[in-house]
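Input: a single structure, listed below in structure tokens.
Bear in mind that the values in this text are calculations on the coordinates, not laboratory data. The model shown is predicted, which means the values in this text are computed figures rather than measured ones. Glycine also receives a Cβ, built like all others from the backbone with ideal geometry; neighbour counts cover every protein chain displayed.
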Amino acid sequence: MSDMWTTKLRNKWQKNLPIEKLLPDDQPAYVASWIYVFGVLTLSALGVIIFSGIILAFEGPAWYHTSGAGKFVNSLHFWSVQLFFVFMVIHLWGKFWMAAWRGNRLATWVTGAVAFIASIATAFTGYLVQTNFDSQWISFEAKDGFNSVGVGAWFTVTNLGQMLLLHVAFLPLILGAITVVHVLMVRKRGVVPPIDAEPISLSEAKR
Amino acid sequence: MTGWISDFMNHPATYLKSGWFQISVTNLVVIVLMLIIFALAVLIPFPKDHKESKK
């Protein structure tokens with residue numbers, strides 16, 4: 001029975017990420033700082049992006065180009081992406097200057113960096129599938145860039161079908177998976193302390 | 001698009017250029033705003049828990 005893969009996986013999960021770490025009720029005292037808010041703000045913006053994106057996918061371009069509600073949800077999707085990147089870059093700056101890869105957190109840092117790159121690809125394909133003159137302009141400018149590095153035949157930015165499938169299916173799945181792994185890594189290792197911080201919890205600090 | 005926003009957006013972006021370096025004023029404004037938000041997030045104290053601060 002102990003040889004079953006489910007048992008091995010469960011034991012490994014319980015050892016590395018027990019439920020107390022996965023859903024904590026206390027955080028270190030240094031987390032009470034605005035710079036620590038930007039990770040969760042990024043996640044919140046991602047939530048709005050996914051929600052508004054699902055509505056756009058169901059209703060389609062004819063709806064979001066013409067109706068008032070459609071234009072609103074289209075703008076909601078666009079502006080939540082702008083906020084997503086603002087929050088993510090400030091989160092990145094904060095983590096860079098506190099050397100967030102310390103304390104065996106290299107995988108957390110790397111998954112965050114990969115999520116950033118995946119976000120750029122997802123946003124780029126989003127700009128290409130707006131189905132307006134803006135997306136037409138961007139794709140015709142971008143094709144020369146992609147052709148110049150030799151990937152134009154494989155990643156055809158003027159192919160709306162390919163860009164749409166990458167934007168609504170492939171890239172969100174990749175980004176979603178990396179984000180989940182990144183958050184689980186943060187839960188496993190804990191939030192990185194400021195350099196030279198005392199390791200006391202928030203509840204201890206309030207006593 | 002009509003009104004002031006149309007007038008505001010219906011022209012090419014203004015660029016700042018110094019040698020090889022070139023940036024649109026819009027992008028520069030966004031980067032400066034992000035730097036300001038970053039500085040404020042580091043400097044402004046986080047509000048204390050209301051119930052805890054009463055103790």
Under Karplus coefficients 6.51, -1.76 and 1.60, residue-wise ³J(HN,Hα) of the stretch A:96-109 in Hz, glycine/proline x | 5, 6, 9, 6, 5, 7, 5, x, 6, 10, 4, 5, 5, 4
Listed with the fewest Cβ neighbours within 10 Å leading, A:V110, A:V37 appear as A:V110, A:V37
In Å, what is the Rg of the alpha-carbon atoms in chain A, and how long is Dmax?
-> 20.7, 63
Computed, not fitted: 222 nm per-residue ellipticity of the protein assembly as shown from DSSP H runs ≥ 4 (each -39500 (n - 2.57)), nearest 500, equal to -21000 deg cm²/dmol
Filter the chymotrypsin sites (Phe, Trp or Tyr not before Pro) in the stretch A:134-170 to those in DSSP coil with at most 10 other Cβ atoms within 10 Å of their Cβ, and list the result.
-> A:W154
Loop-resident trypsin sites (Lys or Arg not before Pro) in the stretch A:9-71 with no more than 10 other Cβ atoms inside 10 Å, DSSP not H/G/I/E/B, are none
With only alpha-carbon atoms counted, please give the Rg and Dmax of chain B, in Å.
-> 20.1, 60
When the charge dipole of the protein assembly as shown is computed with +1 at the Cβ of Lys and Arg and -1 at the Cβ of Asp and Glu, the Cα pointing farthest to the positive end, of B:I5, A:I117, A:L41, is that of A:L41
Separation in nanometres of the label points that stand 7 Å from Cα toward Cβ, at A:I55 and A:A121 = 2.9
How do A:R105, A:R187 rank when sorted from fewest to most other Cβ atoms within 10 Å of their own Cβ?
-> A:R187, A:R105
Cα point-scatterer Debye curve for the stretch A:32-98, base-10 log of I(q)/I(0) at q = 0.25 Å⁻¹ = -0.95
Computed from the beta carbon distance with a Förster radius of 22 Å, FRET efficiency for A:R102 and A:Q82 to the nearest 0.05 stands at 0.10
So which of A:K95/A:K188; A:K12/B:K48; A:K15/B:K48; A:K21/B:K48; A:K95/B:K48; A:K143/B:K17 end up more than 27 Å apart, counting from Cα to Cα?
-> A:K12/B:K48; A:K15/B:K48
For A:D196 and A:V114 in the same chain, what is the full-extension length gain: residue separation times 0.36 nm, less their Cα-Cα distance, in nm?
-> 26.8 nm
³J(HN,Hα) across the stretch A:177-185 via Karplus (A = 6.51, B = -1.76, C = 1.60, θ = phi - 60°), whole Hz, x for Gly/Pro?
-> 5, 5, 4, 4, 4, 4, 5, 5, 5
What is the order of A:L175, A:L83, fewest Cβ neighbours within 10 Å to most?
-> A:L83, A:L175
